[in-house]
Amino acid sequence: ETVRIGVATEAYPPFATSDASENYSGWEIDIIDAICDEAALDCEIVATAWDGIIPSLLADKIDVIAASLSINEERLKVIDFSNKYYQTGASITAAVGSGVEPTPEGVAGRTIGVQSGSIHQTYASQYFPDATIREYQTQDEANQDLFAGRIDATLADVLVLAEFLSSDEGTACCEDVGLVANDEAIHGLGIGFGLRKGEDELKQKLNEAIDAIRENGTYDEITAKYFDFNIFGE
Amino acid sequence: MQGEEQPGTPVIKVRDLHKTFDRHEVLKGIDLTARVGEVTALIGGSGSGKSTTLRCLNLLEIPTRTRTFKLLGEDVAFRSSIRKGVEVVDKRQLRRLRSRLAMVFQSFNLWPHLTLEKNVMEAQVQVLGRAKDEARETARRLLDRVGLSDRRDMYPSYLSGGQQQRGAIARALAVDPEVMLFDEPTSALDPELVGEVLSVMKELAEEGRTMIIVTHEMKFAAEVADKVMFLNAGRVEEEGTSDQVFNAPRSERLKQFIQTIN
Amino acid sequence: MQGEEQPGTPVIKVRDLHKTFDRHEVLKGIDLTARVGEVTALIGGSGSGKSTTLRCLNLLEIPTRTRTFKLLGEDVAFRSSIRKGVEVVDKRQLRRLRSRLAMVFQSFNLWPHLTLEKNVMEAQVQVLGRAKDEARETARRLLDRVGLSDRRDMYPSYLSGGQQQRGAIARALAVDPEVMLFDEPTSALDPELVGEVLSVMKELAEEGRTMIIVTHEMKFAAEVADKVMFLNAGRVEEEGTSDQVFNAPRSERLKQFIQTIN
Amino acid sequence: MAVNYKEMSAAELLALAPPGWGGALLDGLLVSVQVALSGYVIGLGIGLAGANLKRTGGPVVRDLMAVYTTMVRAIPELVLILLAYFALPTFINQILTGFGFERVEISGFAAGVIVIGFVQGAYATEVFRGAIGSVPFGQIEAAQSFGMHPFKVFYRVTLPIMLPAALPGLSNLWLIAAKDTALLAVVGFTELTLVARQAAGATKHYFLFLMAAGALYLILTLLSVWGFKLIENRVNRGARHA
Amino acid sequence: MPKSGLFQPHRIVMVLIAIAALLAMALNMDWSWLPKYAPHILKALWVTVALLVSSIVAGIFLAIPIGLVQVTGPRPLAWLALSFCTLIRGTPILLQMWLLYYGLGSLFPYIPGLRQTWIWPWLIEAWPYAFVALTLSFAGYEGEVMRGAFKGVPKGELEAATAMGMHPFTILRRIWLPRAVQRVLPTLGGEFILQLKATPLVATIAVVDVFAVFGRIRQETFIVYEPLLMLALIYLVLAGIITLGFKLLENKLPSRG
Ligand SMILES: Nc1ncnc2c1ncn2[C@@H]1O[C@H](COP(=O)(O)OP(=O)(O)OP(=O)(O)O)[C@@H](O)[C@H]1O
Ligand SMILES: Nc1ncnc2c1ncn2[C@@H]1O[C@H](COP(=O)(O)OP(=O)(O)OP(=O)(O)O)[C@@H](O)[C@H]1O
Ligand SMILES: [Mg+2]
Ligand SMILES: [Mg+2]
C-alpha cells in the first residue's frame, strides 16, 4: 500500500522546493526517499498547502507530514509524531546594521515577519508583545518583504534563513542577528514526521528507518550535499 | 336550456362542468356535446367563460367539478388532494387524449426558435413518434395547403399575424386531430389579415372536420357553425342551430348581445 | 415660396438652413422668421423635417450650413473642423441663448428623480441663478396656473401624461423664455388628455407669447396660429396665415396633405 | 540539483520544457479550465433543477431553495472551499464509517468542482428562473396541448426559447467560474494561480509569472466572450432583432 | 407573496429547525477557543469592514468617470476605460492582488532613493496594496455597471436640460449622475456583497482580516469545523446587514421612475 507523504506546496528551501515539473527536491525530500527505501515503503509525494497540512492529515488526505513540522505539545494533542529527524534553532534575520537583536527589547517597535501557523508565529506573539507581527503564507514571502524593506526582521528556522542569507538578495540586504531563546514548549523536541494518532505500525517503521540511515551513513551523505554542519542536534 | 340529443357519435360529452379560480366560480355547470363532423361555435360576452370552457375541454384547465367528462369515447377520471388540487388520475391517458385534440390559440403561439416547417414537424415527431422524413412531408403538404409553402424555412417572427395563424393551423392539423379547438383565432389579427385565416377555417369546416370555435366573427359563425352556443356568466344561456340562435333568439341577453355585436 | 416680410421685431431669423445626417440631407434650405408675439405652426408629413427644424432653432442640432442664423437679435457664429464637425463658436452665448428659448417635448422629459416642483425649480436655480425661495415661489405660481398645485410634491411617474405635459410647460415657462418651442406636445397623449394641454397652450397664445409649434392638431393650429408653415421633404412648401394655408392651399401636396389629415 | 534561475532570460523562464515554467503554467491553465468546466456544468444542472423547483415546487421546497441561493451567495467562496476541503470529508466520513461504509476522499479537484458547482448553481437558479419567466406561457401551453410529455415540453420548447434571455447571465457565470478556480490555490491545489506563485517563489521573478498567469486568464476570458457571442448569434436566429 | 407569509406553518418549522441546529452547534461543539480569540476577531472584523467600506467608496468614485467616458468619449479615454474594465473583469482578483503586492511591490526596492521618500512607509505596509487591489477591482466591475446606467438614462431628459441652457457639468451633476445612480441602486446591494466576498483574499498578502484570524485560530487550535462555521456565520451576518440596509434605502426612494 502506498504511503502518502504530505509536503508543503510553498517553497521552503533548502528543505523542499518544487521545479516546473512539480518535482520536489531538497534535503527533506532526499531524506524521505532514503527512509522510504530503508523501510521498504511505497511512498508518494502529495503537495498540500502549508496552511492546511494538519487538517489534510486528519482528513486522511495524506498519511505522513514531512514539512519541517516541529514536535510540540500543542500539536501532540492532535496528531502523533515520529522521532525527530533534525533539530535546529530559530533565529532572527534583519537588515544589515538595523540594530535588531533576538530579544523582546531588541525587536520592540519593529515589524517582524513570520509564517502564519508556524511555531515562530506562536513564539513571536508570546515573546515579542512590543513588536508588530506580520503573518505570511510562506516564509519565502517574508524573506522577499525583508529584502524589499517592508519588514524589519523575520523570525524563522536558522537553516532556512541561512539559505536565504546565502542567496544574492540575502547577501545584499541582511544579516543573521542570532538565535532566540529556546522555549521547549514552543520550539519543541525537534522536527519529526507528523502522523495520525493510532498509526503505530507506520510510526515504528519510520523510527527504525531514521535510526538505520543515521547508522549506515546515508543521513550524513545527504546532509553533506546541503549543509556543512550537523543538523541532527543532540 | 340544453338542446335535444341528436344522432351521430359524440366525440366530446361533458355534463355539469364547473370551474372555480380562487373562489371565483367562472363556469357554473356547462353541458356540451360535440359530434363527429359537427362545427360548434361558442359565442358570448367578454368574461362569460368561453375560453375557460374550451381550455377545460383539452384539460389545459382542470375542471373543479364535473358529472360526465368523456373525450373521444374515454371517460376521464379526476382525483382531488389538498396539496395538488384537482388533477387527472391517468397522466398518460391525458397526454394521449390531448394529442388527438388540437388547439389553435388566439396569439398563435408558434415556437419562435423553430422554422415554420419545424414547428409543424415538432409534435409529429415528439408526440406521435413519426419518422422525420414522414413528418417533413406532412408538414410541407399542410403548409402548401394553407398557402405557406414558400415560407416554410422562415422563423415565425418574420411572418405576418395571418401567416403565423395559418402556420398554427397547419401545426394543429399535422397531428391528424379528431377535434380542433379554436380560441378566437382571428382576434389578434389586423382586419385585413382576418379573411385569409377564416377562409382556411371555412375549408376545414366544409371537409367535415369536428371543430369547436370560440369567435367574435358572427357572420363567420352563422355561415359555418352547425350549432351555436351562447354563454353568459358561466352558463349556456341558449343553444341551437345558427339560424335559431341568430335569427330567432329567445333570451333577452342573447337579443341584446346580437344587437351590440352588429 | 417665402412669405413677404411683415412688421414687428423678428426674434428668430434663419435663412437657408441645411441639415444633413450621415449624407442624408434632411433640411434643404429652410427660411424662417418668427416675430414677437407671433404663433407659428409647423405642419407636414412624417419625416418632412419639422422636428429637425425646431431642434435646429435652439441648436440641439447644429445646422450643417446656413446663411443667416439670428436668435434674439444675436448672430450665432459656427465653425467647422474635421474632428468635431460643425459647432457653435461661443459656447457661453449658446447656453445664454438657449436659456431664453424654452422647449416642450413630445415625451415631456420631466426629470424622474425630482418632484414636480423641483423640476420647475431646477433651471431657475442652476441656469438663471435664482435663489431657491424665489424659484420655489415661481414654481408654485406656475404649477397653480397649469392646474397642478396639488401635485407639486409628486414624482413625474405618478402623473398622467397630460399632467406631465402641463408640468413640462410650467417648467419651460419658469425661465421666462422669450420664445417657446413645442414639438408635438400632445401626440404622446391619450385622446382624452389632449384637450387639457391644448387649452393651456391656447391661453399662452392669447397672452401674446412668441411660440413655434410643431403639431398634427390641425384644428388647433388653424385656431391659434398667426402663421402656418407647411414642410415637405426638407423644404418650406407653402407658408401663410392659417386661413390661407388651410382654406386656400395652392400647392398640390398641401391639398393632398390636408385631405389625408381630415 | 537546484536550477540557477538567476541567469535565465524571460523567454527561457517561460519555455515550455523544464526548467522553463511555461509548460507548467499551461498545465495549470488546463486544470483550471477542467475544474471550471466541471463546476459550471454541475452548476447548470443545479440551476435548471433549482429554477423549476422555485417555480413549481411547493412552499417548503421554494423556501429551501431560497435559503440555498441566499446563503451560498452571501458566503465567500474561499470559506466554502475550506469547508468543502477540510470539514466536508470529515463530516461525510463520520457518517459513512458510522454506517460501516468505506471512507471516501475528497481531492482538491473534487472540492473545487463541488464548491464551484454549488455556488454556480445558486446563481444559475436565478438566471434560469428569470429566463423561464420571459417565455410566453402560451408557447408552453401550445406544447402541452399536443400532449407532449412535461420533460419534452421543457427541453424541446421552454429551454430553447428561454436560452436567448439566459445567455448573457450564463456567460457571466462562466467567467466567474473560470476565475474562481484561482481560489483553490489556498488549499494547495495546483491550478494556474498556484503554479504561477510557485514559479515566482522558485525563480524570484514574481512580476513575470504573475503577469504571465494574468495574460493566460485574460486570453481565456476573451476567447470565452467571443465564443459566447457566437452561441448567442446562433440561438437568436429566430429573433427578429438579433 | 403576502407579508404575513413569515408565519406560515412550514416557515415556523424551518426557523425552529434552524434555531435547534444553532443550539446543537453551540452546545455540542468546541467553542472553548472563542473567549481567547474574541479580541482578535473583533479587531480583524474592523479591518474587514474598513477595507470593504473604503474600497467601495473609492471604487465608486473611480467607476463614475470610467463609466462616463465610455459613453461620452473622448475616444482614447473611452478606449482606455474599456480596456481597464476588461482587464479587471478578465482576471482573478487574487492574481491582481498578488501582482500588486508581490509583483509590483518587489520592484520598488530596486528604485534608487525611494526608501528615503515620504511614500516609503506606505509602500512597506500591506494594507495599502489590499486597499488598492480591492478598489481597482470594484472600480472595474462598477465602471461597467455605471456605463450601462449612464447609457440607460433617456436622451430626452438630458436634452431637456441642454435646451434650458444648462452647463454640461451642471447637467452631469444635477440630472445625469443622479439618474444613473438611481438606476444602479437596485443592483448595488448585490455588488456590495460580491465585494464583501472578495475581501478575504487580502489574507494572502499579510493583511489580518477576519478570514486570516480564523486561519490562525485553525492553525493554533487544530479545530477544523467550528472556526469555519463561525466564519461563515460572520459573513452571512455582514451580507444580511448590507441587504437590509439597501431594503431600507430603497423604501425611502420613489419606487417608480
Ligand atoms: N387563470 C385564471 N385565473 C383567475 N381568473 C381567471 C383565469 N382565467 C380566466 N379567469 C377569469 O374567468 C372569467 C372568464 O374568463 P374567460 O377567459 O373564459 O372569458 P372569455 O369568455 O374567453 O372572455 P374573452 O372574450 O374576453 O376572451 C373571467 O372573469 C376571467 O377573469
Ligand atoms: N439624429 C438623426 N440621425 C439620422 N437621421 C435623422 C436624425 N433625426 C432625424 N433624422 C431623419 O431626418 C428626417 C426628418 O426627421 P424629423 O424628425 O425632422 O421629421 P418630422 O417632420 O418631425 O416627422 P414626424 O412627424 O414623424 O416627427 C427623417 O427621415 C429622419 O429619419
Ligand atoms: Mg377568451
Ligand atoms: Mg417629429
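The values are calculated or read from the model by the stated rules, or taken from the named source; none is laboratory data. What you see is a predicted model, and the numbers here were worked out from it, not measured in a lab. Please note: Cβ atoms are built from the backbone with ideal geometry, for glycine as well, and neighbour counts cover all protein chains shown. Note: accessible area is taken over every heavy atom of the protein model, side chains too, but ligands, DNA and RNA are not part of it. Shrake-Rupley method; radii C 1.70, N 1.55, O 1.52, S 1.80 Å.
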Taking region D:131-242, the equivalent ellipsoid from its C-alpha gyration tensor has semi-axes in Å, biggest first, of 44, 16, 8
Evaluated at 25 °C and 0.890 mPa s, the Stokes-Einstein D of region B:154-236 based on the Kirkwood radius over Cα pairs, in µm²/s, stands at 179
homo-copy label distances at C:D133 (7 angstrom along Cα-Cβ), nm, one dp, ascending, are 9.2
To the nearest Å², the heavy-atom accessible area per residue of region C:101-176 with 1.4 Å probe amounts to 37
Any residue on another chain or 5+ positions along whose placed amide H is under 5 Å from the amide H of B:R65 is listed here as B:H18
Scanning the protein assembly as shown, every Cys lacking a C-beta partner under 4.7 angstrom -> B:C56, C:C56, E:C85
Quarter of the surface of the C-alpha convex hull for region E:9-62, i.e. direction-averaged projected area in nm², equals 6.4
Within region E:55-88, the residues whose backbone N lies under 20 Å from a label point placed 7 Å from the Cα of D:L218 along the Cα-to-Cβ direction are E:63, E:66-67, E:70, E:76-88
In whole percent, the Cα-Cα distances of region D:30-188 spread across 5 Å bins from 0 upward as 2, 9, 15, 17, 16, 15, 11, 7, 5, 3, 0
Asserting the computed 222 nm helical MRE of chain A (DSSP H runs at least 4 long, -39500 (n - 2.57) per run, divided by residue count, to nearest 500) equals -10500 deg cm²/dmol
CD proxy, 222 nm, chain E: helix-only mean residue ellipticity via -39,500 (n - 2.57) per DSSP H run with n ≥ 4, per residue, nearest 500, stands at -24000 deg cm²/dmol
Once the in-chain neighbours fewer than 8 apart are removed, the lysines whose Cα is under 17 Å from B:K118 read B:K132, D:K152
Rounded to the nearest 10 Å², the 1.4 Å probe accessible area of E:F108 is 40
Inter-copy distances for B:D144, label 7 Å out on the Cα-Cβ vector, sorted ascending, nm, one decimal, are 7.9
D (µm²/s, integer) via Stokes-Einstein for chain C, Kirkwood Rh across alpha-carbon pairs, 20 °C, 1.002 mPa s: value 112
Relative to chain A, whose Cα atoms define the longest principal axis, helix A:27-39 and its Cα axis are tilted in degrees, nearest 10, by 20
Within chain D, excluding any GluC sites (Glu not before Pro) found in a DSSP loop (not H, G, I, E or B) and having at most 15 other Cβ atoms within 10 Å, the longest uninterrupted segment runs D:106-242
Rounded to two decimals, the Rg over Rh value of region D:154-218 from Cα coordinates and the Kirkwood Rh reads 1.26
By the Cα gyration tensor axes a ≥ b ≥ c (a/c under 1.5 gives rounded; else a/b larger than b/c gives prolate, otherwise oblate), the shape of region B:101-176 is prolate
Cross-link reach from B:K70 to lysines, straight Cα distance under 16 Å and at least 8 residues apart if same chain, gives B:K13, B:K91
Once accessible area is computed for E alone, D alone and the pair with a 1.4 Å probe, the total buried surface, to the nearest 100 Å², works out to 3300
Of all DSSP beta bridges with both partners in chain C, the antiparallel percent, nearest 5, is 60
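Can you tell me the relative contact order of region D:30-188? Whole percent, Cα pairs under 8 Å, sequence separation 6 or more.
40
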Compactness check, chain E: C-alpha Rg relative to the 2.2 N^0.38 Å globular estimate gives 1.26
The ratio Rg/Rh over the Cα atoms of the protein assembly as shown, Rh being the Kirkwood inverse mean 1/r radius, stands at 1.07
Which of B:Q244, B:Q126, B:Q163 fluctuates most in a GNM of chain B (C-alpha springs under 10 Å)? That residue is B:Q126
Any helix of chain E counts here only if DSSP assigns it H throughout, its Cα atoms span 20 Å or more along the axis, and its mean Kyte-Doolittle hydropathy is at least -1.0, and such helices are E:9-28, E:34-72, E:75-90, E:127-152, E:177-198, E:225-252
If exposed means GluC sites (Glu not before Pro) lying in a DSSP loop and surrounded by at most 10 other beta carbons within 10 Å, then the longest stretch of chain C lacking such sites spans residues C:6-206
Taking the label point 7 Å from Cα along the Cα-Cβ vector, the copy-to-copy distances for C:E223, listed from shortest in nm with one decimal, are 4.5
Checking region D:4-107 for trypsin sites (Lys or Arg not before Pro) in a loop per DSSP with at most 14 other beta-carbon atoms within 10 Å yields D:R103
Rounded to one decimal in nm, the spacing of the 7 Å Cα→Cβ label points at E:A26 and C:D176 is 7.0
Residues whose built amide H sits under 5 Å from the amide H of C:E238, excluding neighbours closer than 5 in sequence, are C:F230
For B:V39, the residues 5 or more places away or on another chain with a placed amide H closer than 5 Å to its own amide H are B:M211, B:D226, B:K227
A correct Karplus calculation of ³J(HN,Hα) over region B:65-77, with 6.51 cos²θ - 1.76 cosθ + 1.60, θ = phi - 60°, whole Hz and x for Gly and Pro, returns 6, 7, 8, 10, 9, 10, 10, 6, x, 10, 7, 9, 9
For region C:101-176, the dipole about the Cα centre with charges only on Cβ (Lys and Arg +1, Asp and Glu -1), to the nearest 20 debye, works out at 80
The summed charge of the C:A34 Cβ neighbourhood (under 9 Å; Lys/Arg +1, Asp/Glu -1) stands at +2
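Expressed as a whole percent, how much of the Cα-Cα distance distribution for region C:42-134 exceeds 16 Å?
66
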Computed curve, region E:1-104, Cα-only Debye sum without solvent term, log₁₀ I(q)/I(0) at 0.23 Å⁻¹, is -1.21
Asserting the computed 222 nm helical MRE of chain C (DSSP H runs at least 4 long, -39500 (n - 2.57) per run, divided by residue count, to nearest 500) equals -11000 deg cm²/dmol
At R0 = 51 Å the Cβ-Cβ FRET efficiency linking D:V60 and A:K197, nearest 0.05, sits at 0.75
